[in-house]
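Nothing in this text is a laboratory measurement; each read-out follows from the coordinates by a stated rule. Please read these numbers as outputs of a predicted model, since none were measured by experiment. Glycine also receives a Cβ, built like all others from the backbone with ideal geometry; neighbour counts cover every protein chain displayed.
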Amino acid sequence: MEIVFERCAGLDVHKETVVACVRHPGDGKRQRRGEVRTFSTVTRGLSELASWLQSEQITHVAMESTGVYWRPVYAVLEDQFEILLVNARHIKAVPGRKTDVRDCEWLAQLLECGLLRGSFVPPQAIRDLRDLTRFRKSLVHERTDHVNRIAKLLEMANIKLSSVATDIMGKTGRAILEALIAGQDDPEHLAQLAQGLLKKKTDLLREAVTGRMREHYRFMLRQQLKLIDALDGQISELDAQIELSMLPFAEAYRLLQTVPGVAQRSAQAILAEIGVDMSRFPSAAQLASWARVCPGNHESAGKRQPVSTGHGNRWLREILQEVAWAAARTKRSYYSAFYQRIRARHGTKKAIVAVQHSLLVAIWNMLSKSAAHEDLGADYFERRSKDQIRRHHVNRLKQLGYEVVIQEAA
């Protein structure tokens, strides 16, 4: 096959070692040959690896995205070489002697022929922001798990607080939980702790908090509340650090919050996943394809087969789904009209994915042009298809036996 990169290397990364293969150009008499060496993954070993690749005049390096083991290797080499971080699934899709050669040799051979496609790896500042937002999301999920455990614990004690209070960790719920831990079990006293709108439901609260709270349940409840308080403190610290990390991207941060359904947290999460440099994605369609929020493509013999969207960046898809639902519920907005239009024909699930795709396309254009979001309006489709709508209603009236005369309004 045609050689695309004359001097390249393939890295097989493990936890304690990294095996490197460099490909040397031939001299007319000899064919291209490869040299293989093994290095330690400690800092000294990675520095030796970088020095060896430089001495061999390597320009391009390929390695698989193996867990988190690739990250320190990438950090050492990214400023010195053109690195392709490759999905292992893509390598397996290329036919060849995969089982008869070392992984690093196979990577180097595929790279020199231009058969590898690198994954999207954002700059260091975005990667740091991504670590923070993902960690925060994990802590929020963990906090939710503990709140659910408290709800189950109250059910075992036959206390139906969640049947009256929507949020058992709200002001009223927290006050009642603290009183239960302190040993207070008088329903009248507990009902008087209601605040806000729950003051109108004291009778229901009195019935709901009458249960069988034993000392064992009090101990378990106390431990769960301590964990939730600790998580709340960690989440607050992360929020402050994320705000500091967002300062270099203040303009993009502001622009994203002009999109319906996008607030501070979602804007931070989206920027952490896709970055601010849209030149990494040549078009909005390629960004949507990378995120897997576009229709799957499976056509054979002129027939299109139904196929799922595939597995993309789960962190980005999760936040896009939240944003899409918020945008679809925004009154008098384009996304609300778009959601209802798709939902009527294809159902709720496909409609919300379509809204995600539309939002991501809009975000790509906003960040590419540094422009704020402009909503097309809830009547966009009516304005675009004015003639079609007119013909439809005229034909319906004619079918009902009416003679229709259309006259422009003065």
Connecting C-alpha atoms closer than 10 Å in a GNM of the chain, tell me which of Gln257, Gln268, Gln192 has the biggest fluctuation. Gln192
Starting with the fewest neighbours, write out Leu320, Leu139, Leu111 ranked by other beta-carbon atoms found within 10 Å of each beta-carbon. Leu139, Leu111, Leu320
Taking a ≥ b ≥ c as the square roots of the eigenvalues of the Cα gyration tensor, with a/c under 1.5 meaning rounded and otherwise prolate when a/b exceeds b/c and oblate if not, the range 184-266 is oblate
Here are some values of Cα extents along the principal axes in Å: [x] 83, 62, 49; [y] 63, 52, 37; [z] 94, 80, 42. Which one was computed from this structure? [z]
To the nearest 0.05, how large is the calculated FRET efficiency for Ala344 and Cys113 if R₀ is 45 Å and r is the Cβ-Cβ distance? 0.40
Under the rule a/c < 1.5 gives rounded, and otherwise a/b versus b/c splits prolate from oblate, where does the range 125-245 land using the Cα gyration tensor? prolate
By the gyration tensor of its Cα atoms, with a ≥ b ≥ c the square roots of the eigenvalues, what is the shape of the range 315-410: rounded for a/c under 1.5, prolate for a/b over b/c, or oblate? prolate
Cα centroid of the range 199-264 to Cα centroid of the range 109-133, whole Å: 34
Extension gain (nm, one decimal) between Gln286 and Gln184, 0.36 nm per residue minus Cα-Cα: 30.7 nm
Under the Karplus relation with 6.51, -1.76 and 1.60 and θ = phi - 60°, whole-Hz ³J(HN,Hα) for the range 40-53, x at Gly and Pro, equal 7, 8, 5, 4, 4, x, 5, 5, 5, 4, 4, 5, 5, 5
What FRET efficiency do you get for Glu215 and Ser279 if R0 is 60 Å and r is their Cβ-Cβ distance, rounded to the nearest 0.05? 0.45
Note: Gln399 to Lys226 extended length (0.36 nm per residue) minus current alpha-carbon separation gives 55.3 nm
What Cys residues in the chain are without a partner cysteine, judged by a Cβ distance under 4.7 Å? Cys8, Cys113, Cys294
Using DSSP, restrict attention to beta bridges with both residues in the chain and report what percent are antiparallel, rounded to the nearest 5. 65
Ala328 neighbourhood, Cβ < 12 Å, K/R = +1, D/E = -1, net charge +3
Within the range 327-346, whose backbone N sits under 18 Å from a point 7 Å along Cα→Cβ of Arg265? 327-329
Count the net charge of all other residues whose Cβ sits under 9 Å from the Cβ of Arg7, scoring Lys and Arg as +1 and Asp and Glu as -1. -2
Return the distance in nm (one decimal) between the two label points of a simple spin-label model at Arg7 and Glu251, each offset 7 Å from Cα along Cα→Cβ. 3.7
Summing -39500 (n - 2.57) over the DSSP H runs of n ≥ 4 in the chain and dividing by its residue number, what mean residue ellipticity at 222 nm do you reach, to the nearest 500 deg cm²/dmol? -17000 deg cm²/dmol
How charged is the neighbourhood of Ala165? Take every other residue with its Cβ under 11 Å from the Cβ of Ala165, and add Lys/Arg as +1 and Asp/Glu as -1. +3
Treat each spin label as a single point 7 Å out from the Cα along the C-beta direction, and report the Leu204 to Asp379 distance in nm. 4.1
What FRET efficiency comes out for Asn313 versus Ser163 if R0 is 35 angstrom and r is the Cβ-Cβ distance? Round to the nearest 0.05. 0.35
Mind giving me the nanometre distance, one decimal, between the label points for Glu142 and Gln80, set 7 Å out from Cα along Cα→Cβ? 3.6
If I stretch the segment between Thr38 and Ile389 completely, what's the gain in nm (0.36 nm per residue apart, minus their alpha carbon distance), one decimal? 119.4 nm
Angle check, please: helix 386-399 long axis (alpha carbons) against the longest principal axis of the chain (alpha carbons), in degrees 0 to 90, nearest 10. 50
What is the chain's relative contact order, in percent, from Cα pairs under 8 angstrom and six or more apart in sequence? 11
